[in-house]
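Every number in this text was worked out from the coordinates using simple rules, so none of it is lab data. Keep in mind that this is a model prediction, so the values were computed, not measured. Cβ placement follows ideal geometry from the backbone for every residue including glycine, while neighbour counts extend to all protein chains displayed.
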């Protein structure tokens, strides 16, 4: 007949839970340890060991990771007079335990149960790297690591906030213009995906770690992810990340695109020193003299860039170096009158087409 011989909460350092007494005399016992994670939110790593009185040796019997309200049962542990059963949890003292003994011969097994009492076929709390050969089918949801993070105020790659979770949410950022507050992706590895959710009212700058690049941008340049956006950063080969969605966002049920306002056209004009257009929609509010300039980003077929001249004078919009606008000579400017706007389409490499309106 089984009897309860010890109970309590597992400590956070190895300690004896039960020591087999000398009486009543019995050649051997079999013990069972029941553990229950009472924490409402914390994963608990539970380790059960046994110390043999005859040798003084301590051996690990079972290790399991329990999510909130999950249970571990280790049964059929053979023990004799003077042996002790030990246990601990590596997180906090929130795992209840009960030790029972019996003279019945049962196999030594360790079984984990989920919060609904069903046997866990896959341990949802396994730590470290795990490899699965072949296809893995999960009946239910997969929960990835998530965190709310604060980007580094001051920007740049060197001090950017290092991301350590699969899903990362930014709720506040300070800089309303470049250099934007910054984040840094984990070291790249083939097959790794990272999601960045920017719910702040400002854009953020996202960098790779070390020499890792994003969308082929220089490592120390990174990419700008607009406010109110969700972007997936994916790595197919170590050293390079690709992302899509950094220039598109949301507002309730509406799609938004990246935008910047309050731009000042470069005084004195010219292509080499022109103010860079860094968003999909760009509003120039200061054009001190006619011909002050801005420049389109490096062209790529499919790009669409809007420029709005809210300045007092006509503004020159230059193509990126070597490109042309509306078939004019390479590097020639497009004059955008005060109070007018134009949309620049790139449909072929090195070629921009401008459509102007009121």
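Arranged by the count of other C-beta atoms within 10 angstrom, fewest first, what order do 181, 7, 320 take?
Going from least to most buried by this count: 7, 320, 181.
Starting at 0 and stepping by 5 Å, how many percent of the alpha carbon pairs of segment 264-358 end up in each bin?
3, 17, 29, 28, 17, 5, 1
Using a Förster radius of 30 Å, what is the FRET efficiency between residue 238 and residue 300 based on their Cβ-Cβ separation? Nearest 0.05, please. The partial results should precede the final answer.
On the way: r = 25 Å, r/R0 = 0.82.
About 0.75, to the nearest 0.05.
Quick one: if you stick a label point 7 Å off each Cα along the C-beta vector at residue 147 and residue 250, how many nm between them?
Once both label points are built, they end up 2.4 nm from each other.
By counting other Cβ atoms within 10 Å of each Cβ, how are 166, 70, 144 ranked from fewest to most? Before the final figure, lay out the partial values.
Details: 166 15, 70 26, 144 10.
The most exposed by this proxy come first: 144, 166, 70.
Just to be sure I understand: of the beta bridges DSSP finds with both ends in segment 258-357, what percent are antiparallel, rounded to 5?
50 percent
With a point put 7 Å past each Cα toward its Cβ, work out how far residue 105 is from residue 165 in nm, to one decimal.
5.2 nm
Calculate the radius of gyration of the Cα atoms of segment 3-113 to one decimal place, then report Dmax, the largest Cα-Cα distance, as a whole number, both in Å.
13.5, 44
On the principal axes of its Cα set, how long, how wide and how thick is the chain? Give whole Å, largest value first.
Principal extents (Cα only, largest first): 104, 38, 38 Å.
In whole Å, what three semi-axes, largest first, describe the equivalent ellipsoid of segment 127-240 built from its Cα gyration tensor (square root of 5 times each eigenvalue)?
Value: 26, 17, 11 Å, ordered largest first.
For residue 257, project a label point 7 Å along Cα to C-beta. Then give me every residue of segment 305-343 with its amide nitrogen under 16 Å of that point.
Flagged as within label range: 305-309, 341-343.
Give, in nm to one decimal, the length gained when the segment between residue 328 and residue 132 is fully stretched (0.36 nm per residue of separation minus the Cα-Cα distance).
64.8 nm
Take 315, 235, 35 and order them by how many other Cβ atoms sit within 10 Å, fewest up front.
Ascending Cβ contact count within 10 Å gives the list 235, 35, 315.
If you count the DSSP beta bridges with both ends in the chain, what percent of them are antiparallel, to the nearest 5?
On the way: 80 of 110 bridges.
The antiparallel fraction comes to roughly 75 percent.
Say each of residue 13 and residue 220 gets a label point 7 Å from the Cα, pointing the same way as Cα to Cβ; how far apart are those two points in nm?
4.8 nm
Quote the FRET efficiency, to the nearest 0.05, computed for residue 211 versus residue 22 with a Förster distance R0 of 45 Å and r equal to the Cβ-Cβ distance.
Efficiency at R0 = 45 Å is approximately 0.10.
What per residue convex hull volume, in Å³, comes out for segment 212-271 when only alpha-carbon positions are used?
Convex hull volume per residue, Cα atoms: 120 Å³.
Report the FRET efficiency, 1/(1 + (r/R0)^6), for residue 116 and residue 57, where r is their Cβ-Cβ distance and R0 is 45 Å, rounded to 0.05.
Step by step, r from the Cβ atoms, then E = 0.75.
Quote to one decimal, in nm, the extra length available between residue 351 and residue 42 on full extension: 0.36 nm per residue of separation minus the C-alpha distance between them.
Length gained between residue 351 and residue 42: 105.6 nm.
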